[in-house]
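The values are calculated or read from the model by the stated rules, or taken from the named source; none is laboratory data. The shown structure was predicted, so the numbers you read here are calculated from the model rather than taken from an experiment. Note that we place each Cβ from the backbone using ideal geometry, even for glycine, and neighbour counts take in every protein chain shown.
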């Protein structure tokens with residue numbers, strides 16, 4: 001058996017290529033939207049992708065199952081569980097095979113036995129993997145967003161992200177029942193999860209890429225709990241705010257993502273074209289926050305092309321928003337397009353070189369940076385803390401307003417006129433928040449360098 005985990009750092013998401021080296025057949029589990037990495041792995045290992053499946057209708061990225069199906073012609077295997085509201089709308093169109101609890105997907109000499117594991121979502125599946133020539137029984141389980149290393153899938157996303165009312169407590173109870181099935185599995189089974197540390201699909205995910213059933217029974221708080229009422233309370237407490245784009249992902253992945261196919265290079269725009277974009281087109285400056293703060297074009301939004309780039313963009317803007325990039329070069333703009341395609345931002349109008357845009361700008365602006373000492377010495381000032389609720393609850397600056405970054409587009413009007421200091425944990429998110437207010441026309445915006453971490457150690 002060939003086995004490879006492909007891990008995307010930006011989304012903290014794991015997908016898997018599993019192949020039978022005797023027959024050359026391979027299955028891809030939970031692919032991202034770009035098919036090339038999976039095609040490259042298969043080609044390098046002398047395999048052909050013949051099967052594609054996914055554990056559930058994802059909320060945090062656009063599924064690549066259709067894209068990979070279009071590129072390879074491989075057979076799709078999708079969940080038939082979860083009830084009518086959670087059926088894949090494109091299954092018949094793409095000739096997918098629908099599978100249920102107890103079914104088996106055969107990939108050469110490899111068996112993937114289907115285990116319905118609802119709770120995170122109603123249709124969620126896990127796959128118990130057996131390398132049959134070994135004759136030793138199952139060797140591992142692909143758990144998707146059901147069980148992570150050190151955590152379990154959150155059951156509140158249907159209600160908090162997709163706005164399906166009165167589902168999170170019922171989901172928590174369903175998840176508790178699913179975990180009883182997990183605990184009954186052999187201790188030696190390896191656990192291959194769908195996410196790692198940094199994902200918003202749980203609250204305490206470990207950074208270790210895999211585990212075992214036996215270890216998770218001992219070390220995973222959610223797996224270890226056997227009191228249902230206590231589990232329901234614990235699993236719903238302290239979950240991070242889901243980014244804005246999560247609601248769109250559920251809809252897109254259920255109904256069927258658009259197949260992108262081969263895309264050409266991004267159109268390079270001149271400075272005048274960038275400046276004259278129609279209303280509704282958002283210009284995103286991809287440069288590091290310090291470079292943007294020192295000199296930027298009014299009306300642009302700063303979202304540096306960092307590990308959390310797609311999460312921040314998806315927290316602030318609707319996926320239908322048309323975008324133009326202000327970038328250092330074509331490679332930076334292309335990478336931004338690729339990362340945003342993973343979460344459904346497909347309307348990218350082009351890019352312009354930052355140096356050219358700034359050179360043509362008659363009145364570039366800057367954002368003032370304050371140290372904690374400067375803030376403490378200033379006296380009365382409006383402070384806006386853009387961290388998440390759990391961070392705020394753990395400690396905050398006295399008198400600060402709390403508006404999480406993802407809520408700022410709707411709640412910016414709550415901020416009083418006059419000087420405002422934006423603050424987060426380390427200064428990154430608040431830099432984005434400051435650029436958002438500046439793009440809305442406010443000139444009295446300051447960023448707290450070092451954030452709350454620097455404030456408490458001043």
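Structure notes:
- Segment 274-289: number of residues that are in contact (Cβ under 8 Å) with a residue 24 or more places away in the chain and farther than 16 Å from residue 362 by Cα: 10
- Residue within segment 74-88 that is in a helix (DSSP H, G or I), modelled with pLDDT of 95 or more, in contact with a strand residue (DSSP E or B) (Cβ under 8 Å, 6 or more places away or on another chain) and surrounded by fewer than 24 Cβ atoms within 10 Å (Cβ to Cβ) present: no
- Qualifying residue in segment 347-354 (condition: surrounded by 15 or more Cβ atoms within 10 Å (Cβ to Cβ), more than 25 Å from the chain's Cα centre (by Cα) and assigned to a strand (DSSP E or B)): yes
- Scanning segment 173-201 for residues that are buried (at least 22 other Cβ atoms within 10 Å of the Cβ) and touching a helix residue (DSSP H, G or I) at 6+ places or on another chain (Cβ under 9 Å) gives 175, 176, 179, 182, 191, 200, 201.
- When the residues of segment 31-45 are filtered to those that are more than 19 Å from residue 335 (Cα to Cα) and in contact with a strand residue (DSSP E or B) (Cβ under 6 Å, 6 or more places away or on another chain), the one that is surrounded by the fewest Cβ atoms within 10 Å (Cβ to Cβ) is 45.
- Residue among 330, 360 that is surrounded by fewer than 16 Cβ atoms within 10 Å (Cβ to Cβ) and in contact with a helix residue (DSSP H, G or I) (Cβ under 7 Å, 6 or more places away or on another chain): 360
- Pairs are defined by a Cβ separation below 6 Å, a sequence spacing of at least 6 or placement on different chains, a first member in segment 364-378 that is without any contact (Cβ under 8 Å) to a residue 12 or more places away in the chain, and a second member that is in a loop (DSSP other than H, G, I, E, B); no pair meets this definition.
- Of everything in segment 182-196 that is in contact with a strand residue (DSSP E or B) (Cβ under 7 Å, 6 or more places away or on another chain) and outside any loop (DSSP other than H, G, I, E, B), the residue that is farthest from residue 131 (Cα to Cα) is 195.
- Output for segment 125-136, where each listed residue is under 21 Å from residue 24 (Cα atoms) and either assigned to a loop (DSSP other than H, G, I, E, B) or touching a strand residue (DSSP E or B) at 6+ places or on another chain (Cβ under 9 Å) (or both): 127, 128, 129, 130, 131, 132, 135
- Scanning segment 137-160 for residues that are in a loop (DSSP other than H, G, I, E, B) and farther than 16 Å from residue 190 by Cβ gives 145, 153, 154, 155, 156.
- Set side by side, the residues 129, 114 differ, and just one is closer than 15 Å to residue 18 by Cβ, assigned by TED's automatic domain parsing to the domain that holds residue 222, crowded, with 24+ Cβ neighbours inside 10 Å and over 23 Å from the mean Cα position of the chain (by Cα), which is 129.
- Residue list for segment 1-47, filter: touching a helix residue (DSSP H, G or I) at 6+ places or on another chain (Cβ under 6 Å) and farther than 30 Å from residue 306 by Cβ: 26
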